[in-house]
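A.B. asks: The following block contains the structure, expressed as structure tokens.
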Amino acid sequence: MGEPFLADFAALSRIGATPGGGVDRQAGTAEHGKARRWLVEWFGRHGLRPVVDRAGNLFGTVEWVPGRPYVLAGSHLDSQPTAGRFDGAYGVLAAAHAAVSLRREVEAGDLVPARNLAVVDWFNEEGARFSPSLMGSGVYCGTLDADAVLAVTDARGVTVEEALRDSGFAGTGTPPAAAAAVEIHIEQGRTLEDEGCAIGVVTGNWTARKYAITVHGDQSHTGATHMADRRDALVGASRLVLAARQLTGSFEPGQLLASVGRFTVEPNSPVVVPARVRLDVDLRSQEPDVLEKAHQQLMAEIAAVDGDGEVRVSIDSASVRPSTAYPLEGVELAEAAIAVTGLSSRRMLTMAGHDSVNLKDVVPTVMLFVPSRNGISHNEAEYTADADLLNGVTALTSVTERLLAIDLAGDLGGT
Ligand SMILES: [Zn+2]
């Protein structure tokens, strides 16, 4: 038991592999397309029907009850530029293996499904090459517009539409209607490992605020401009980087996470006082009040940098991901389904965003975690032990089995 999953995971991990043991499969690149073609072939060998929708989401469907909606089980195959091989890909492959086990149960007469099953690889979860993140699931859930998303460009001006076409996944298929959704993912934190717990059942997500900011200065000669005449965009931007870090000191340790994750200096020449810096600030907290206070403080810092007169600061876009709950009925269903397998579980929040965060607002959704060694993620050193991967497949299969049989008609959760 288990070896076919590990062999498949090793094969998938070789696509877009980096020398440091990770992968580079950014959305819509050739390597991403290769990984997705590998999955389509896998679907073909295991009797799942591939469907690609307009937003580039890839589904592998099994229809037992014609006309009935589907349980969607999956995650994402795209990655950050130098990423670990587990983030997203694990959840897609775990769902594929769960689907095949469940199909065998149905064929053996051990499971009578009330609905159908689709494995899903959501397009561009990571948002590394094309922004925003959670793109494909956002279109599926109706929070993003398909036309707008297809027109989004990467840093080189390539649109999502072109990237999907070039990578072989420009789809026109109708995505399966969802009755419920389930996603399994590596924790990307160290709680499960520290507690020796096999599976996390997610009850809610941290709240997040993201800002795209431009600091505007004035381009001049580093060797010939008097200090009094300089309008140095990089000095203003650097103050904001430090401000983001210092914000975290206003709260109890662990209450606020803050970073500038992207920073672009223009024109970025050794002898030019920078004209413009673009930076992305990312603030997260478990507590909405903390995030709101941090937001106010950041706005005050921005006003102070802007008000000093050397540079101007514009906020080009700002978004809020509210903290919302996963439906309790789904949490309880998952706990019961995991208990049957003999694995341990605990309730927890997700700090990172996931496609299931979108899904849970439109259909009953369950999110599960497996341990991540040292909590390392978005890093080639990301690691989850084989035994933990296999436990996750077992848990996911059991949860999906119940979702196929039981109607979760209750609340979708809420804020
Ligand atoms: Zn992920």
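A.B. asks: Once you place label points 7 Å from the Cα toward the Cβ at ARG104 and GLU287, how far apart are they in nm?
C.D. replies: Spacing of the two 7 Å Cα→Cβ label points: 4.9 nm.
A.B. asks: Using the membrane-span-like helix rule (whole DSSP H runs, Cα extent along the own axis of at least 18 Å, mean Kyte-Doolittle hydropathy at least -0.5), which helices of the chain qualify?
C.D. replies: Helix filter hits for the chain: 89-107, 233-247, 288-307, 328-341, 386-405.
A.B. asks: Ok, one more. Highest first, please rank the peptides 352-361, 14-23 by the mean number of other Cβ atoms sitting within 10 Å of their residues.
C.D. replies: The most tightly packed comes first, giving 352-361, 14-23.
A.B. asks: Here's something else I'd like to know. Sort largest first and round to whole Å: the equivalent ellipsoid semi-axes of the stretch 1-125, each the square root of five times a Cα gyration tensor eigenvalue.
C.D. replies: Semi-axes from the Cα gyration tensor: 27, 16, 10 Å.
A.B. asks: Label 7 Å along Cα→Cβ of GLU310; the stretch 230-265 residues with amide nitrogen under 20 Å?
C.D. replies: Counting only backbone N, you get 230-247, 260, 263-265.
A.B. asks: Counting only helical runs of four or more DSSP H residues, what would the 222 nm mean residue ellipticity of the chain come to if each run contributes -39,500 (n - 2.57) and the total is spread over all its residues?
C.D. replies: After summing the helix terms and dividing by residue count, I get -11000 deg cm²/dmol.
A.B. asks: Roughly how many whole Å is it from the C-alpha centroid of the stretch 343-415 to that of the stretch 236-303?
C.D. replies: So the two Cα centres are separated by 30 Å.
A.B. asks: Below 20 Å, Cα to Cα, which lysines can LYS210 reach? Residues fewer than 8 away in the same chain don't count.
C.D. replies: Those lysines meeting the cut-off are LYS293.
A.B. asks: Right, something else. Need one number: convex hull volume per residue for the stretch 343-406, Cα atoms only, in Å³.
C.D. replies: Considering the Cα atoms of the stretch 343-406, their hull volume per residue is 114 Å³.
A.B. asks: Within a 10 angstrom radius of the beta carbon, how do GLU187, GLU301 rank from fewest other beta carbons to most?
C.D. replies: Fewest-to-most Cβ neighbours within 10 Å comes out as GLU301, GLU187.
A.B. asks: Sticking with the crude label model, points 7 Å out along Cα→Cβ, report the distance from ARG14 to VAL272 in nm, one decimal please.
C.D. replies: About 4.5 nm separates the two model spin labels.
A.B. asks: Here's something else I'd like to know. Just to check, using Stokes-Einstein with a Kirkwood Rh over alpha carbon pairs, what's the diffusion coefficient of the chain at 20 °C and 1.002 mPa s in µm²/s?
C.D. replies: Diffusion coefficient, whole number: 96 µm²/s.
A.B. asks: Still on this structure, I have one more. Taking just the alpha-carbon atoms of the stretch 207-321, what radius of gyration and Dmax come out, in angstrom?
C.D. replies: 15.1, 49
A.B. asks: Taking each pair of distinct Cα atoms in the stretch 316-359 once, what is the resulting Kirkwood hydrodynamic radius in Å?
C.D. replies: Hydrodynamic radius (Kirkwood, Cα pairs) of the stretch 316-359 is 12.7 Å.
A short reminder: the numbers here are calculations on the coordinates, not readings from a lab. From a predicted model like this one, the values you see are computed outputs, not experimental measurements. Reconstructed Cβ throughout: ideal geometry from the backbone, glycine too, with neighbour counts over all protein chains shown.
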